[in-house]
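Trainee: Take a look at the following structure, please.
The values are calculated or read from the model by the stated rules, or taken from the named source; none is laboratory data. The model shown is predicted, which means the values in this text are computed figures rather than measured ones. Ideal geometry is used to build each Cβ from the backbone, glycine not excepted, and the neighbour counts take in all protein chains shown.
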Amino acid sequence: MSLKIAILASGSGTNAQAMMDKAAAGLLDVDIRLVCSNRPDAGVLDRARKAGLPHLALDHTLFAHRTDFDRKLENVLQGCGVEYVVLAGYMRLLSADFLQAFPGRVVNIHPAILPSFPGVHGGPDAQAYGVKLTGCTVHFVEEEMDSGPVIIQAAVPVNAGEELEELMSRIHTMEHRIYPQALQWLAQGRIHVDGRQVHLAPSARPAVTPDGPWLVWPPLEEGF
């Protein structure tokens, strides 16, 4: 049975595209009920249109208060029968009321290895600090920014003196792999959360042999 999801994004939607591609290839068991953006000109809406997926622009600037916007968004998603809310470059904090409407069923990806470098500038902050490893994290969403239990993380090397775009390209490559993988585990019902610990039930699917200077834990499986 496919996991019914809504994808929320504010920008071009490369992570959303990775999910669409995996689903179209039969590797990701999700039913994308809606692709929604708070920015009417967001590229992710064009991606959804080309993929033949339901899509909606819900302009946050037309609402007087954040809670009013989130209430409308909540009603729309519930009307679509959404089980999980998937944030893919969604540049707005969700209210406590919204999170309570989808308890433990909102996930996000962050371009750093949490809990290091939270916030909207995770990649640049890691580079500025001078770390030798950074990466990305898929996690459950709580009211505090970038604070929820971790599902999967990937690490990539940081080269001194390189352009930020080079580093972010490596991070994005791994985002496009680990985010669909995390969603597939959720679709398979293999994720169990106990406090801050996220447990993954075993599978017969083979793990992927690393094909570059990266480390992922839990390991990626065949197809991801």
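Trainee: Got a sec? Which of Gly212, Gly195, Gly189 is exposed (fewer than 13 other Cβ atoms within 10 Å of the Cβ), free of Cβ contacts under 8 Å to residues at least 60 places away in the same chain and over 22 Å from Arg105 (Cα atoms)? Reasoning before the result, please.
Mentor: On the way: Gly195 fails: over 22 Å from Arg105 (Cα atoms); Gly189 fails: over 22 Å from Arg105 (Cα atoms).
Just one listed residue meets the conditions, Gly212.
Trainee: Turning to a different aspect of this structure: Test each condition in (1) within 15 Å of Phe98 (Cα to Cα); (2) modelled with pLDDT of 95 or more; (3) out of contact with any helix residue (DSSP H, G or I) (no Cβ under 7 Å at 6 or more places or on another chain); (4) surrounded by 14 or more Cβ atoms within 10 Å (Cβ to Cβ) for Gly79 and report the one that comes out false.
Mentor: Of everything listed in (1) within 15 Å of Phe98 (Cα to Cα); (2) modelled with pLDDT of 95 or more; (3) out of contact with any helix residue (DSSP H, G or I) (no Cβ under 7 Å at 6 or more places or on another chain); (4) surrounded by 14 or more Cβ atoms within 10 Å (Cβ to Cβ), Gly79 misses just condition (4).
Trainee: If you go through the range 43-66 one residue at a time, do you hit one that is of a type in the set (Asp, Glu), free of Cβ contacts under 8 Å to residues at least 60 places away in the same chain and crowded, with 16+ Cβ neighbours inside 10 Å?
Mentor: No, the conditions are met nowhere in the range 43-66.
Trainee: Still on this structure, I have one more. Among the strands (runs of 3 or more DSSP E) lying completely within the range 1-97, list those that include at least 1 residues that are more than 19 Å from Phe140 (Cβ to Cβ). Step through it out loud before you land on a result.
Mentor: Details: elements: 3-8, 30-37, 55-57, 84-87.
It comes to 30-37, 55-57.
One line per residue, one yes/no per condition, for (1) under 20 Å from Arg170 (Cβ atoms); (2) among the hydrophobic types (A, V, I, L, M, F, W, C):
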| site | (1), (2) |
| --- | --- |
| Gly81 | no, no |
| Tyr84 | no, no |
| Tyr90 | no, no |
| Leu93 | no, yes |
| Val107 | no, yes |
| His110 | yes, no |
| Phe117 | yes, yes |
| Gly123 | yes, no |
| Lys132 | yes, no |
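Trainee: Residue by residue through the range 14-44, note down the ones that are in contact with a helix residue (DSSP H, G or I) (Cβ under 7 Å, 6 or more places away or on another chain) and closer than 17 Å to Ile178 by Cβ.
Mentor: Thr14, Asn15, Ala16, Gln17, Ala18, Met19, Met20, Lys22, Leu28, Asp29, Val30
Trainee: Pairs, please: C-beta under 8 Å, at least 6 apart or cross-chain, first residue over 19 Å from Asn15 (Cα atoms) and in the range 103-125, second among the aromatic types (Phe, Trp, Tyr)?
Mentor: If the second residue must be among the aromatic types (Phe, Trp, Tyr), the pairs left are Gly104/Phe140; Phe117/Tyr129; Asp125/Phe117.
Trainee: Would you mind stating whether Phe69 is surrounded by 17 or more Cβ atoms within 10 Å (Cβ to Cβ), aromatic (Phe, Trp, Tyr) and outside the structural domain of Val138 (by TED's automatic domain parsing)? Show your work before the answer.
Mentor: Working: surrounded by 17 or more Cβ atoms within 10 Å (Cβ to Cβ): yes; aromatic (Phe, Trp, Tyr): yes; outside the structural domain of Val138 (by TED's automatic domain parsing): yes.
Yes, satisfied.
Trainee: Another one. Just name the residue that is nearest to the chain's Cα centre (by Cα) out of those in the range 118-142 that are part of a loop (DSSP other than H, G, I, E, B) and surrounded by 14 or more Cβ atoms within 10 Å (Cβ to Cβ). Spell out the reasoning first.
Mentor: Applying the first criterion (part of a loop (DSSP other than H, G, I, E, B)) to the range 118-142 yields 118-121, 130-132, 141-142.
Among the residues that remain, those that are also surrounded by 14 or more Cβ atoms within 10 Å (Cβ to Cβ) are: 118, 131, 141-142.
Numbers: Pro118: 15, Val131: 23, Val141: 10, Glu142: 14 Å.
Taking the candidates together, the pick is Val141.
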